[in-house]
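Here the structure comes first, spelled out in structure tokens, and everything after it is commentary.
None of the figures in this text is laboratory data; all of them are computed from the coordinates on show. Just so it is clear, the model here is predicted, and its values are computed rather than measured. In this analysis, Cβ positions are derived from the backbone assuming ideal geometry, glycine residues included, and neighbour counts consider all displayed protein chains.
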Amino acid sequence: MPDSAHDVVVGRDVVLTRGSRVAIAASDFTVPGGCITAIIGPNGSGKSTLLHAIAGLIPVTSGNLTVLGATPEISQPKISYVLQYTTIPAGTPLTVAEAVGMGRYPSLGFLGRPTKDDKAKVTAAMERLDIADLAKRHLTELSGGQRQRVYVAQGIAQDHAMLLLDEPLTGLDITSAKTIDAIIHDEPTRGCSVILTTHDLEEARAADHVILTAGRVVASGTPEYVLTAENLTNAYGLGALHETHGSDPMLPSEHHHGHDHTNSHDGHAGE
Ligand SMILES: Nc1ncnc2c1ncn2[C@@H]1O[C@H](COP(=O)(O)OP(=O)(O)OP(=O)(O)O)[C@@H](O)[C@H]1O
Ligand SMILES: [Mg+2]
């Protein structure tokens, strides 16, 4: 685990509001560089809000948030953000290759025309997500899992030092989840820091670093430090500890397999 000198995100007394509501009350947290960080917490606990702030999409109400050594707004071009749901309006006649190609838009040159290098990066991203054979298909002709792979491909096609993924594995079958999981683990080997949100306790345990949210950051640190019975009770209430196996706290929605998401969850509410 890199020491604090290599933290890519440092939040001190950070308050984040959505509309007139405080979504994250004054909180301290860090994200170590070149690692996988999982943000976990109940619905409406502020996970997406935290990602939005790190991505520089919403302002910090008070406190101090540093991302890649600067303000989130300044660092924004180095951050690739795969949203929890699509921002592409349904019915947009966009093919898979075009959607992934949009990942290159921020770095297109003078005439805005993709170079050989841009095209190579789009092809490589499609191959890494195993969607090259879908290149000419329209987004509307894809399954949810295939579409999710397209959005991740778009995210990695973009030049980035940090990859933010909002619930990248929620609702996916094992094949799609494995494909995206492989990308998540591959990114740090390329020097990229990954921050993802999840509802899966096993996924959080498998991360290098964890931030637990419940209207504020309850704890930030290693999985062992953060995912204690006390912290989980704090975040989820006593119900979270009903299904305990030995001394190991489990959430009610936990599954045998890390990617076997069967819990219903209205992840899009309030967005
Ligand atoms: N655009 C918005 N305008 C007003 N309030 C919002 C907006 N987006 C989120 N909120 C509120 O902010 C709080 C935090 O929401 P957020 O989306 O960050 O939660 P979350 O942890 O990502 O939840 P989920 O697990 O359902 O995705 C909630 O109370 C939510 O209702
Ligand atoms: Mg969310």
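Odds and ends about this structure:
- Counting every other Cβ atom within 10 Å of each residue's Cβ, Asp200, Asp118, Asp133, Asp159 order from fewest to most as Asp133, Asp159, Asp118, Asp200.
- Gained length - Leu108 relative to Ser62, 0.36 nm times residue gap less alpha-carbon distance: 13.1 nm
- Normalised contact order of region 137-242, rounded percent, pairs of Cα under 8 Å and 6 or more residues apart: 18
- Simple point charges give the picture: +1 on the Cβ of Lys and Arg, -1 on the Cβ of Asp and Glu, and for region 84-222 a dipole about the Cα centre of about 460 debye.
- DSSP-loop chymotrypsin sites (Phe, Trp or Tyr not before Pro) across region 51-146, with at most 13 other Cβ within 10 angstrom: Tyr85, Phe110
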